[in-house]
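Working notes, beginning with the structure itself.
The values are calculated or read from the model by the stated rules, or taken from the named source; none is laboratory data. Owing to the predicted nature of the structure, the values given are computational and were not obtained by experimental measurement. With ligands, DNA and RNA removed, areas are computed over all heavy atoms of the protein, side chains included. Shrake-Rupley method; radii C 1.70, N 1.55, O 1.52, S 1.80 Å.
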Amino acid sequence: MLKFLHIILSITVISFAGYGLITGDFKFQPYMIFFLSLTMLVMGLREFQKGNKGYGWLGTVTFLFIFFVSIQTFLWL
């Protein structure tokens, strides 16, 4: 389940990033950052399931930071 969710979120992030790079229109960048934070959360949860607590905490802390940045970008607009 988490692997499938990780793949879907990664494709979403890559799609938003590719759109921004190809067209030069970065209006979807806050959404890309939000989905990137969710991707990091799923990666951290997968590492916890594997038993790698160090990488799990790293993924969780990274999620919190990127999520905070995405909230700031939504409020800034």
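Computed quantities for the displayed model
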{"item": "Matching residues in segment 20-49 - criterion: being modelled with pLDDT of 95 or more and of a type in the set (D, E, K, R)", "result": "Arg46, Glu47"}
{"item": "Of all residues making up segment 1-47, the number that are open to solvent by 70 Å² or more (accessible area, probe 1.4 Å) and either over 15 Å from the mean Cα position of the chain (by Cα) or of a type in the set (D, E, K, R) (or both)", "result": "8"}
{"item": "Segment 48-68: number of residues that are open to solvent by 50 Å² or more (accessible area, probe 1.4 Å) and of a type outside the set (Lys, Arg)", "result": "13"}
